[in-house]
Amino acid sequence: MGVPLAKSRKDTPTSSNLTDAKIRAPKPREKSFKVSDFDGLYVLVAKSGSKLWRFKYRIRGKEKLLAFGRYPEIGLKQARAMRDAAREAVAQGLDPSELRKESAWLEQEAQGLTFAAIAQEVLEKKVREGKSPATLSETEWLHRLLCADLGEV
């Protein structure tokens, strides 16, 4: 009969894992402080008393931080699910922060919030305001140059 293998940290709940009561309990201090869960997830208790979910991870040798939102709007179960999804992305070599930025950019593009669309709105506004033909011509020229350089950003 051999020595039993130790269970992994994920399989064994510890007293240090967060619960809703442990998240609600801390009161603000003079400096912000952390209340840790596990696997990089923690609640940052700000001086103002707000409690903010954060996930610390490393990718390509660099430590990074991802914000998930406020507690209680984002509950413990949802924060852990978000952490797990971010850890899965890191395991695949993807940066969750960059994925979030790309997703936001795609959403803005889908809503028509590109530079070209906004530049066109500005030009139309100047026409409505009755700007001089020279001003309109110069603005249109500038927009064409910028749109050519920036594309549909």
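The values are calculated or read from the model by the stated rules, or taken from the named source; none is laboratory data. Computed from a predicted structure; not experimentally measured. We place every Cβ from the backbone using ideal geometry, glycine too, and count neighbours over all the protein chains shown.
Is it the case, given these coordinates, that K77 is under 17 Å from I23 (Cα atoms) and assigned to a loop (DSSP other than H, G, I, E, B)?
Values: under 17 Å from I23 (Cα atoms): yes; assigned to a loop (DSSP other than H, G, I, E, B): no.
Against the criterion (under 17 Å from I23 (Cα atoms) and assigned to a loop (DSSP other than H, G, I, E, B)), K77 does not qualify.
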Tally of residues being surrounded by 11 or more Cβ atoms within 10 Å (Cβ to Cβ) and modelled with pLDDT of 80 or more across segment 102-115
1
Checking I74 against (1) surrounded by 13 or more Cβ atoms within 10 Å (Cβ to Cβ); (2) more than 26 Å from K31 (Cβ to Cβ); (3) out of contact with any Lys or Arg (no Cβ under 9 Å at 6 or more places or on another chain), the condition it does not meet:
(2)
Among residues belonging to segment 129-153 that are touching a helix residue (DSSP H, G or I) at 6+ places or on another chain (Cβ under 7 Å) and not in a helix (DSSP H, G or I), point out the one that is surrounded by the most Cβ atoms within 10 Å (Cβ to Cβ).
V153
Looking at K126 and the list (1) surrounded by 12 or more Cβ atoms within 10 Å (Cβ to Cβ); (2) within 23 Å of F68 (Cα to Cα), which single condition is not satisfied?
(2)
When segment 61-74 is checked residue by residue, the ones that are in a strand (DSSP E or B) and not hydroxyl-bearing (S, T, Y) are K62, E63, K64, L65, L66, A67, F68, G69, R70
Would you point out which residue out of A79, A119, A110 is among the small types (G, A, S) and within 15 Å of the chain's Cα centre (by Cα)?
A79
